[in-house]
Amino acid sequence: MRDKVDVDPRVFDPTFYLAHYPDVADSGEDPETHYMTKGWREGKDPSAHFSTTEYLQRYPDIRAADINPFVHFVRHGYDEGRRTGLSASASADIAGRLSVLLAHEATPPEMTEREPPATPEELAALLMGSRQFSSSHFARQTGARGSRAELVARYLDTPPGRRPAASPDFDPGFYRRTYLSDAPEGDPLIDWVLRGQALGHYPNALRAEADTRLIRTRAGIDRRHYLWSLGTKPVHADTVRDYVLHGAPLGAEPRQRFDGDFLRDTYMRRAGISCAPYAYFLRNRQRQWMFQDIHELAAAYQALSEVEAFDPGCYSALAGIDPERIDPLLHYILRGVQRGLPTSPDFHTGFYLATYRDLQAARVNPLLHFWRHGRHEGRRAVPPTKALPRRKLSTPGGKRATPGRPRAIVVSHEASFTGAPIVALNIARALSATHDVITWLGKTGPLTPDFAEVSTRMIMEFPPVLTGVSLLEEMRAEGGIDFAVVNSAISGATLEPLKLAGIPALLLVHDFANYVYPRGSLSRMVLNADISVFPAQIVADAVADEMSHMGLATLPGTMRIAHQGYNGTGRSDSAAITPRAIRERLGLTDRPDVRILFGGGWVQPRKGVDLFLQAAARLAQDPGQEWRFIWVGGNYRPDDDMIVSAYLADQVAKSGLADRFAFFEEQPDLESFWEVADVFFLSSRLDPFPNIALDALMRDVPVVCFQGATGIAELTDRFGFCVRAVPFCDSAAAAEEISALGAGLSGVHAEFRSRRSDLEIAFSFETYVARLIGFAEEARRSAAEQAQLRTMLLERPPAELAAAAATVPEWAHLARSGSPEVRAATVAAMLVNGGPIGALRIGAGEPVEREVPASGHVMLAPPRDAPVPPGAWMLHVHAPDADALAALVAAEMLPEAALVVVTSPRGALEVPEGVRSLADPCFDAFDGLAAAMEAYSSTHVSHADLSLGTAGPAAWSFDPAFVGSVLAGDRPGFAAAVPDCGPGYLPRSALERLGGELPESPVAPLFAGLFEAARMARFLEESRPAYVALRAGLEPRAATALRALMFARACDADGALTLLCPDQEVGLVEEIDVGLRHGVPEVRPRGVQGALQPLVIAMRSESPASFMAAAARLWRGLRQVRP
């Protein structure tokens, strides 16, 4: 264990002082006296934990008063909350240790500047290994065929000025303009390979623009400090853009206390990342291993020095480092936390982060958190299997294995007598008729003996991942495992070991994504499972909505619907209440004519006990029938629960239900309650497919529930005689249906008798498990395909695998560990299942590269740098005021190649020379576009509404390279960009005017892109009346979303649409033809933007049906949004 180090900054450290200031040691003077009298004026520090210079710089009042900063801090500053930093000497010591660590780590060759190759063969070899040379893209651009080596040779044989883009990610025109203005004859791709990637150059304008926007929106930069650190005249007036494109490669810093060189050396070069360091920092600043300079790292190091749960020897052995050369604690802070490594037998980083998800988004070292807070809060630092002998992880079950029988695993997070474990037990029972069953329990419980009775083997804990993988591989070696059934999201922790062991996994989703946290975790499980089975469409829709919010444009092809079988458990021997006792409790000993309404579940807001009571209060006033009411479930504690129970008790009293209503605690079984119940009211606000409702139906008790709250409502079409669904949370409507059922109960019971066989077949558990076995066969095929891909990926260099995994949004990864195995499993699952990932080409012996789609409707933009013909392009800019236009001018976005025409609600604005401004006010951007086209002519027109911003696709309207590329192409019709809708939506009033249906005629074009002027003019003339009728009351961004839909629909009808698909991190769609990889915006609004993306995917299809299906989905998303 490490010795504890005193890190109190108020303590003078004479040992430190003498060691770091030899002049004081040589003088023989008392170190503390020297500091107090002279040392502080010389900038010396009293300890490693107090910086004299920083304290004086941070607090001008102390500097002006000429006070000894250390004395002030001890007497006053500490209590006032003033801060200080580490001694510069301590930071220098950590810098030395860091340089040793970095010297022992491999850096990809492309992240170091290289001399030009001496021979053509050496140059060809460099391009062969570069990810920015895409064989498929180059072949598509040139029509050439051949091996990768032959295509590279063809590229090099082409004169530099005529070489096409060799990758969809690399724009040679942008690169030449930005980085080779002094050497325009040079080859951009070769410059990138030799030095550009190492310097942090950008391969295309879209990535640079994304980082510019990221810095501008998240933090901005200190202009004065940046210009001082740059030391030369900036290239761009926009300081952020200048830093991203030019300042960062020169080593300029965006603000004080940020060290870009530190980030490059510590993180970026070893990972092969080329971008502005500040943008990289902002993307990762919430990570526990991210630091912005050596001083911040040194502070973390000093803080962790106090932690006794760090064992250097133990950690070094696990991390595979030599502690004599590399500092173990420093390695842990920077690398070990990323890998989730244990620091000692007493602390496991990966387990701690996985168990306490509140820490995953907190920028705090997990070990330090545990030492200072977690252990005092009772948080566990190691997996529960720490003290469990390995041989006890797996124990024999109650059944003997049958040679030659298929084997299946059933996973349950626990063995309690509750819903999900009961489902898992019944699955295991049904499977045991045809399979040898291995039961895997997260925790034991009262059902453990029942599981053991039907199992040949039992796994008794969820062990650490690698232990679980080892155990599963041993079992596979014994006799194979056909598939695993992972029952419920809470058992999803087993997906990682199952996937890494190559076992096909069926995930049974019994939960609404709305209340599974953190957000996106259920979608991640569904994307990585081989098949996911939902008990009802509403449960699948909740996951689909979450995926849409997370940025997915299309759903994976692995989602299946199967109504869950009935989990009857019969009467318990420990049942303590009889039907007579229940009636006595309600005062109904001799009153068989009184109806009884039954509800049940744990007392909490989600179960809707308050809604049950509201319906009960209405039924109590029913003149035709007399009712009593019972609720069975735990957690009703009116004496000490002031959050829910006390208010329910008050509601009972004030509703006049005190003598009609009874709460019952949890019961070992509900048989007695079903005997007395007449109607069951499922009052839950959210309840996926509760077994208690099936329990009611199998005992001839009709059910009333809420639409949009439960999958049980989906049974009304088939079993409407006994299942009634009323509007969401409408207790009055529920009371009416309950009353109607009570009045016609004899007819309902007669229908139950005639439909008994239908109910038994529909909810037969054997039928349900048979369907699961069928799904398992699909899962096996998917797993086999993924296994082949994983093998190929693991054979590739780590940098290529990391680059492939980086095309998957982080939230969708199988796990956080970032190990090669997890990355390969994630990429394989996304490719096979249809998850969010870039289109990749994986070939034996060749670099993993992006696949370029072949489509008449899809083009990667810009493919080349072509000039704009004179008179071909008019750019219409609608500016809400002079300030918006001035900002555009200051950003140097107005292109010289275009005829720029400005309209505004304020009439004529002051514009630069060469720009036209219309005198008449145009209060709507649509009207402004029409006016501009009437006043001036061109063959093509772009349209930009500054009230919606100029970021994202709208920026293309100002880009001559984009316009020139489109005009030089041979594709017909429009080049349309998808708008970033932002947070606006259609108000309900607008939807009511539309009557809930799409208008027959298009409304208006989307406000970004390049359009044929003649087609645009015709479109404006035809759509103007409809637009004028609809635009009243529409928020601008909401109107933009609807215009985009209508215009895209019109274009798709005659095949005139060309989609431009950039590679950009935020909010845009890439490679639409295959529907893969979608960037995840930092804030994704509900409904509109997520629903727009599948619409864009459908545009590529020639089938009107696919387009209209996507349009309908968007419309549903718009309709669900409240004003």
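Of all residues in the range 214-273, those satisfying the criterion of being closer than 26 Å to residue 334 by Cα, touching a residue at least 24 places away in the same chain (Cβ under 8 Å) and among the charged types (D, E, K, R) are 218, 253, 255, 257, 259, 264, 265, 269, 270. Against the list (1) closer than 20 Å to residue 475 by Cβ; (2) charged (D, E, K, R); (3) at pLDDT 90 or above, the condition residue 429 fails is (1).
Does residue 339 satisfy the criteria of being modelled with pLDDT under 85, loosely packed, with under 15 Cβ neighbours inside 10 Å, among the basic types (Lys, Arg) and farther than 17 Å from residue 97 by Cβ? The answer is no for residue 339. Of all residues assigned to the range 252-264, at least one qualifies as being outside the structural domain of residue 335 (by TED's automatic domain parsing), more than 28 Å from the chain's Cα centre (by Cα) and closer than 19 Å to residue 337 by Cα.
In the range 592-601, the qualifying residues are those that are farther than 16 Å from residue 657 by Cα and in contact (Cβ under 8 Å) with a residue 12 or more places away in the chain, and the one that is surrounded by the fewest Cβ atoms within 10 Å (Cβ to Cβ) is 593.
Against the condition within 21 Å of residue 293 (Cα to Cα), without any contact (Cβ under 8 Å) to a residue 24 or more places away in the chain and assigned to a helix (DSSP H, G or I), how does residue 91 come out, does it pass? For residue 91, the condition - within 21 Å of residue 293 (Cα to Cα), without any contact (Cβ under 8 Å) to a residue 24 or more places away in the chain and assigned to a helix (DSSP H, G or I) - is not met. Quick check on the range 622-637. Is at least one of its residues modelled with pLDDT of 90 or more and either within 25 Å of residue 764 (Cβ to Cβ) or of a type in the set (S, T, N, Q) (or both)? Among the residues of the range 622-637, at least one is modelled with pLDDT of 90 or more and either within 25 Å of residue 764 (Cβ to Cβ) or of a type in the set (S, T, N, Q) (or both), which makes the answer yes.
I need the full set of residues from the range 99-123 which are aliphatic (A, V, I, L, M) and either buried (at least 16 other Cβ atoms within 10 Å of the Cβ) or touching a Cys at 6+ places or on another chain (Cβ under 9 Å) (or both), in order please. I'd like the intermediate steps shown before the answer.
Residues of the range 99-123 aliphatic (A, V, I, L, M): 100-103, 106, 111, 118, 123.
Answer for the range 99-123, where residues must be aliphatic (A, V, I, L, M) and either buried (at least 16 other Cβ atoms within 10 Å of the Cβ) or touching a Cys at 6+ places or on another chain (Cβ under 9 Å) (or both): 101, 111, 123.
Kindly provide the set of residues from the range 274-310 that are aliphatic (A, V, I, L, M) and not in a helix (DSSP H, G or I), ordered by number. Before the answer, list the steps.
Just the residues of the range 274-310 that are aliphatic (A, V, I, L, M), to begin with: 276, 279, 282, 290, 294, 297-300, 303-304, 307, 309.
Matches in the range 274-310: 276, 290, 307, 309.
Would you check if there is a residue in the range 599-607 being aliphatic (A, V, I, L, M) and at pLDDT 95 or above? Taking every residue of the range 599-607 in turn, none turns out to be aliphatic (A, V, I, L, M) and at pLDDT 95 or above. Annotation note: of 694, 741, the sole residue that is of a type outside the set (Ser, Thr, Tyr), in contact with a Pro (Cβ under 7 Å, 6 or more places away or on another chain) and crowded, with 21+ Cβ neighbours inside 10 Å is 741.
State which residue is farthest from the chain's Cα centre (by Cα) when the search covers only the range 148-185 and only residues that are of a type in the set (Ser, Thr, Tyr) and not in a helix (DSSP H, G or I). If we take residues in the range 148-185 being of a type in the set (Ser, Thr, Tyr) and not in a helix (DSSP H, G or I), then 158 is farthest from the chain's Cα centre (by Cα).
Filtered by the rule that a residue be surrounded by fewer than 22 Cβ atoms within 10 Å (Cβ to Cβ), touching a residue at least 12 places away in the same chain (Cβ under 8 Å) and more than 24 Å from residue 493 (Cβ to Cβ), the range 804-830 gives a lone residue, 807. If the condition is being touching a residue at least 24 places away in the same chain (Cβ under 8 Å), in a loop (DSSP other than H, G, I, E, B) and more than 37 Å from the chain's Cα centre (by Cα), then the range 917-949 contributes 922, 936, 937, 938, 939.
Here is a yes/no grid of residues against (1) more than 28 Å from residue 217 (Cβ to Cβ); (2) modelled with pLDDT of 85 or more; (3) crowded, with 16+ Cβ neighbours inside 10 Å:
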residue: 874; (1), (2), (3): yes, yes, yes
residue: 898; (1), (2), (3): no, yes, yes
residue: 917; (1), (2), (3): yes, yes, yes
residue: 924; (1), (2), (3): no, no, yes
residue: 935; (1), (2), (3): yes, yes, no
residue: 942; (1), (2), (3): no, no, yes
residue: 951; (1), (2), (3): no, no, yes
residue: 956; (1), (2), (3): no, no, yes
residue: 960; (1), (2), (3): no, no, yes
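Restricted to the range 505-562, and to residues there that are modelled with pLDDT of 90 or more and among the basic types (Lys, Arg), the residue that is farthest from residue 835 (Cα to Cα) is 560. Looking across the range 621-643 at every residue that is of a type outside the set (Lys, Arg) and buried (at least 18 other Cβ atoms within 10 Å of the Cβ), the one that is nearest to residue 743 (Cα to Cα) is identified as 627. Kindly indicate whether residue 61 is closer than 18 Å to residue 82 by Cα, at pLDDT 85 or above and not in a helix (DSSP H, G or I). Taking the combined requirement at face value, the residue does not satisfy it. Screening residue 502 with (1) over 34 Å from the mean Cα position of the chain (by Cα); (2) more than 29 Å from residue 711 (Cβ to Cβ); (3) not in a helix (DSSP H, G or I) gives one miss only, at (1). Residues satisfying the criterion are present in the range 125-137 (criterion: modelled with pLDDT under 85, among the basic types (Lys, Arg) and more than 30 Å from residue 301 (Cα to Cα)). Somewhere in the range 356-367, is a residue closer than 30 Å to residue 474 by Cα, in contact (Cβ under 8 Å) with a residue 24 or more places away in the chain and either of a type in the set (Gly, Ala, Ser) or not assigned by TED's automatic domain parsing to the domain that holds residue 281 (or both)? Looking through the range 356-367, none of the residues is closer than 30 Å to residue 474 by Cα, in contact (Cβ under 8 Å) with a residue 24 or more places away in the chain and either of a type in the set (Gly, Ala, Ser) or not assigned by TED's automatic domain parsing to the domain that holds residue 281 (or both). Looking across the range 474-518, the residues that are out of contact with any helix residue (DSSP H, G or I) (no Cβ under 9 Å at 6 or more places or on another chain) and not aliphatic (A, V, I, L, M) come down to 474, 476, 478, 479, 480. Screening the range 311-380 for helices (runs of 4 or more DSSP H) wholly inside it with 1 or more residues that are more than 30 Å from the chain's Cα centre (by Cα) returns the ranges 312-319, 328-331.
Would a scan of the range 495-504 turn up a residue that is more than 23 Å from residue 351 (Cβ to Cβ) and among the β-branched types (Val, Ile, Thr)?
no
The values are calculated or read from the model by the stated rules, or taken from the named source; none is laboratory data. These numbers come from a predicted model, not from an experiment. Neighbour counts are summed over all protein chains in view; Cβ atoms, including those assigned to glycine, are modelled from backbone coordinates with ideal geometry.
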